[in-house]
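Below is one structure, written out as structure tokens, with a few remarks after it.
The values are calculated or read from the model by the stated rules, or taken from the named source; none is laboratory data. Not measured: the values here are computed from a predicted model. Here the Cβ positions follow ideal geometry from the backbone for every residue, glycine too, while neighbour counts run over all protein chains shown.
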Amino acid sequence: MNSMPGPLLKPAPRSGSLFAGSGRRTLRAIGLGIAIAGFFLLDPRVAESKQGLPCLSNITPTDALLIADPRGRILYRKNEKKKCIPASTLKVLTALAALEQLGPSYTFRTEFYMDPFQNLKLKGYGDPLLISEVLDGLADALSGKVHGFRSLILDDSYFSPQITIAGCGGSTNPYDAPVGAICANFNTIAFRRDKKGRIISGEKQTPLIPFARDRIRSMGLQQGRHTFLHDSRDAARYAGELLLYFLKEKGVACDGSVRSGRVGPEDRRVHAYESVFPLETVVQKMLKSSSNFMANQLFLALGASTYGPPATLAKGAEAVARFAEKKLALQNLTIVEGSGISRENRLSALDMLAVLKQFRPYRHLLTAKDQVYYKTGSLNGIRTRVGYIDDGLGEFYYFVIFFNQSQHKMNGTLDCVKRAVARQR
């Protein structure tokens, strides 16, 4: 396992004096003007920058806006260096780091072992798409290799236990779902009530097992989709109970107990599942649904892959920060989790432009509408949107809009940005 490198956030380097010694004030002014002019000419991010854009007046001191041409040269900008709360647009950086570090074809795995006491052990590695259909298929594959076992033992040690995501609350909304090494159905349950008021599953592929029904009743939930789990241990238990249901359906005999444990050196591996969903597909589903759960599963898995298990938020943050520094030449980002749900995350419009430039080959993974490929972000009082605008001639312009105040004008600003791009043809 690699050791953790230096601090996540580095102080910005202090600039030295432009001129040494004394000199005439006029020469200093001329020299300073030349230095500033040289900076704008040499830095392609700010060359050609203009300010004649009506919607720049919508951008208050807490906000930021940036439009760049297909070469990455900035056409319009305001507060582009200000560190803002990105909300869910941070998911683009998380996705990019995972795709470039792990590879688009990377697949999550889940392993099964039989111990000397005839217990079946499941070891998870954070697969965010371990859904009912997958668990049913796993049960089918296992039924041809395992005819019976005693207990089902869950090894979720690949992730650190009880990881708390900054910004997540204790609600039953799906965006507050916990993370873990073993999870099923995004750690949520969909249910409704029939004409007699009985609780039934809201999805034909997902049986409403007693574990879930008991939780629903004890929490007094109304019908719909909820996260009904409190932590990673609950999440693993639900996944195990659901797998047990499918195994019994396939005729595999067991004593029905599910408990926690570890895979040991004496255990024999009987099956290894490689996800049918490559990472590129996982990212596409994560971005289009804006799933906080999936984003942080990727964030944590990337940290564990880079620095070794168990996965922690600190390792994920370090992996993303080092990627941003080495591949994007970005420093002094504040990244505490991977979904954007935390208000502690900070990056500038210029930072996001660097992300978008590197993400360009993957832009098809974003939501697309009216020639705009985009990712939105939303927190209380925060609205953000970033992406690409197709000019209709095969060129893509970059845009970043960060509103960090409640009186935003997102729709009007985006329309203004699109008109500005249209004028570039």
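Return the residues of the range 77-95 that are more than 30 Å from Leu313 (Cα to Cα) and surrounded by 23 or more Cβ atoms within 10 Å (Cβ to Cβ); say none if nothing qualifies.
Across the range 77-95, the qualifying residue is only Arg77.
Within the range 204-216, identify whether any single residue is in contact with a helix residue (DSSP H, G or I) (Cβ under 9 Å, 6 or more places away or on another chain) and under 16 Å from Gln118 (Cα atoms), and answer yes or no.
no
Restricting to the range 274-320, name every residue that is among the hydroxyl-bearing types (Ser, Thr, Tyr) and more than 16 Å from Ser105 (Cβ to Cβ).
Ser289, Ser290, Ser291, Thr306, Tyr307, Thr312
Determine whether Ala317 is touching an Asp or Glu at 6+ places or on another chain (Cβ under 9 Å), surrounded by 17 or more Cβ atoms within 10 Å (Cβ to Cβ) and outside any strand (DSSP E or B).
yes
List the strands (runs of 3 or more DSSP E) inside the range 168-263, counting only whole elements, that have at least 2 residues being without any contact (Cβ under 8 Å) to a residue 24 or more places away in the chain.
199-201
Conditions (1) surrounded by 12 or more Cβ atoms within 10 Å (Cβ to Cβ); (2) modelled with pLDDT under 95, marked per residue:
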{"residue": "Thr206", "(1), (2)": "yes, no"}
{"residue": "Leu221", "(1), (2)": "yes, yes"}
{"residue": "His230", "(1), (2)": "yes, yes"}
{"residue": "Ala235", "(1), (2)": "yes, no"}
{"residue": "Gly240", "(1), (2)": "yes, no"}
{"residue": "Gly256", "(1), (2)": "no, yes"}
{"residue": "Gly264", "(1), (2)": "no, no"}
{"residue": "Val270", "(1), (2)": "yes, no"}
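Pick from the range 337-352 the residues that are assigned to a helix (DSSP H, G or I) and under 12 Å from Leu93 (Cβ atoms): which of them is nearest to the chain's Cα centre (by Cα)?
First, the residues of the range 337-352 that are assigned to a helix (DSSP H, G or I): 349-352.
Imposing the further condition that a residue be under 12 Å from Leu93 (Cβ atoms) reduces the set to 351-352.
Numbers: Asp351: 17, Met352: 15 Å.
It comes out as Met352.
Please go through the range 378-403 and pick out each residue that is more than 12 Å from Leu65 (Cα to Cα), touching a strand residue (DSSP E or B) at 6+ places or on another chain (Cβ under 9 Å) and of a type in the set (S, T, N, Q).
Ser378
If I filter the range 365-373 for residues that are assigned to a loop (DSSP other than H, G, I, E, B), surrounded by fewer than 19 Cβ atoms within 10 Å (Cβ to Cβ) and at pLDDT 95 or above, do I get at least one hit?
Within the range 365-373, not a single residue is assigned to a loop (DSSP other than H, G, I, E, B), surrounded by fewer than 19 Cβ atoms within 10 Å (Cβ to Cβ) and at pLDDT 95 or above.
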